[in-house]
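Contents: one structure, followed by commentary.
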Amino acid sequence: MQTNSLIELSHSAYQKNIDFLRQLFGKKVIFSSVVKGNAYGHGIPEFVTMASACGVRHFSVFDVSEARELKMVLNDKITILIMGFLQKEDLEWIIENGIEFFVFDRKRLSEACQIAKKLRKKAIVHIEVETGMNRTGFEKSELAAVTSLLKNEKEYLEFKGLCTHYAGAESISNYYRVERQIVRFKEIKQYFLENDLKPQICHSACSAASVMFPETRMDLVRIGIMQYGLWPSQEVFITYLNAKKMKLDPLSRVITWKSVVMSVKKIKTTNFIGYGTSFMAKRDMKVAIIPIGYAHGYSRSLSNHGRVLIQGQRCVVIGLVNMNMIAVDVTDIKTVKKGEEVVLIGSQNEGVISIASFGDYSNQLNYELLTRISKSIPRKIID
């Protein structure tokens, strides 16, 4: 485990976010915490421990490895839903442990049925249908075969959920496409009902859809980015604000990323700093070296653009971001010492480096930036 930096997760910030989201969605809607991508860079073990302490009991992951990690931490206290990748050899563990999973092709449905019979235990399936995302999901032409198998093998296939995913609900440019998807989902649901198959729950909403298209909340919402204290896009945030009298952001950032000053040195004017010639000192400078680089998830695109906080002041990254180090300009700070705290994301004194501003400097989405943070950096729950 690395000791060059630390990720802090604020329990109080997460509790605030959860309280807001529960109020927004209401008590009848199941809240599923999406923790794919190492809990959006927050760290699955630490994050789900904190989420569980806040009363979260349903979690959605992308693949089996994430489901296993989650199961090891929280055991039988929760519901786990796999939304993406799994292989046939995984199905026995999945079904034996009561893990729920998306099914979007006939082979997976047949294999699940075969293994459920072998184990004499039901496979808990969520049938994902294609509504216009054109990624995964049963086509309309396949539904007859799906309904037939679900009806004939109901002793081994539990039709837990009917679901889909929207193609960019965070942007108004996709409005009509998403609207068509909503209509198609309703039509498919009706098809199942007409064939005497009623899913226990229907779900389709991610963070963006849950705000932009409230009718998509249905029985369960799959919430990722918003629970971490971030909005899917400015459009989603503005849509929320326009619907409310209070024009305040109700979300609080959960994550803070900190490091330390590794060394400090003085540079004479006209000297180049770091690899190559991308930065030349135009004056005598004082430079702090921070033991963080692109190997840790600090993007190389932040070269000569990024900002960090030292003593509450924004300091500019100068020169190229290295694999394990960055250099920052501390010329205008009177004294900077080795071992001094550096904030890469978060607040220090009156200064703030938000994830949004961090992303603006690197042209990365919030999602991309967070999930690239190295898993080997230790995570710690605070307050």
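The values are calculated or read from the model by the stated rules, or taken from the named source; none is laboratory data. Keep in mind it's a predicted model, so treat the numbers as computed, not measured. When we count neighbours, we look across all protein chains shown, and the Cβ atoms used for this are built from the backbone with ideal geometry, even at glycine. Note: areas computed on protein heavy atoms with side chains; ligands, DNA, RNA excluded. Shrake-Rupley method; radii C 1.70, N 1.55, O 1.52, S 1.80 Å.
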Rh (Kirkwood; distinct C-alpha pairs) - the stretch 157-312, Å: 20.3
All Cα pairs of the chain, percent lying beyond 33 Å: 40
Span per principal axis, largest first, for the Cα atoms of the stretch 248-301 (Å): 47, 27, 21
Computed Rg/Rh of the stretch 34-181, alpha carbon atoms with Kirkwood Rh: 1.00
Per-peptide average of other Cβ atoms within 10 Å, ordering 71-84, 118-131 highest first: 118-131, 71-84
The chain - percent of accessible surface contributed by carbon and sulfur, probe 1.4 Å: 51
Over the chain: helical MRE at 222 nm, DSSP H runs n ≥ 4 each giving -39500 (n - 2.57), nearest 500: -9000 deg cm²/dmol
Chain lengthening between Glu96 and Tyr176 when straightened (0.36 nm per residue, less Cα-Cα): 24.6 nm
Difference of contour (0.36 nm per residue) and Cα-Cα distance, Lys268 to Phe20: 84.0 nm
Coarse-grained scattering of the stretch 241-370 at q = 0.09, 0.20, 0.22 Å⁻¹, given as base-10 log I(q)/I(0) from a Debye sum over alpha-carbon atoms: -0.28, -1.15, -1.36
Residue-level accessible surface for Lys189, protein heavy atoms, 1.4 Å, Å²: 80
Under 13 Å from the Cα of Lys154 - aspartates and glutamates, other chains or at least 8 residues apart: Asp196
Point-to-point label distance, Asp76-Lys117, nm (Cα→Cβ direction, 7 Å offset): 2.8
Net charge dipole size for the chain [Lys, Arg +1 and Asp, Glu -1 on Cβ; Debye, nearest 20]: 700
Packing-based order for 220-230, 15-25, using average beta carbon neighbours within 10 Å, highest first: 220-230, 15-25
Spin-label zone in the stretch 364-383 - amide nitrogen under 19 Å from a point set 7 Å from the Cα of Thr49 along the C-beta vector: 374-383
Nitroxide proxy distance, nm - points 7 Å out along Cα→Cβ at Asn152 and Ala356: 5.4
Debye equation applied to the C-alpha atoms of the stretch 167-222, log10 I(q)/I(0) at 0.18, 0.21, 0.29, 0.30 Å⁻¹: -0.61, -0.78, -1.17, -1.21
Accessible area (Å², per residue) of the chain, counting only protein heavy atoms and a probe of 1.4 Å: 47
Restricting the stretch 290-383 to GluC sites (Glu not before Pro) in coil, as DSSP defines it, with at most 11 other Cβ within 10 Å: Glu350
Paramagnetic reach from Asn324 (point 7 Å along Cα→Cβ, amide N under 19 Å) across the stretch 268-298: 274-276, 288-298
Fully extended contour minus Cα-Cα distance, from Lys140 to Lys247, at 0.36 nm per residue: 34.2 nm
Of every Cα-Cα pair in the stretch 1-73, the percent that sits beyond 15 Å: 57
Distance (nanometres) between label positions extended 7 Å along Cα→Cβ at Lys107 and Lys282: 5.9
For the stretch 284-335, alpha-carbon Rg and Dmax in angstrom: 10.5, 31
Lys375/Glu194 FRET efficiency (R0 45 Å; Cβ-Cβ; nearest 0.05): 0.45
For the chain, share of DSSP beta bridges that run antiparallel, in % to the nearest 5: 50
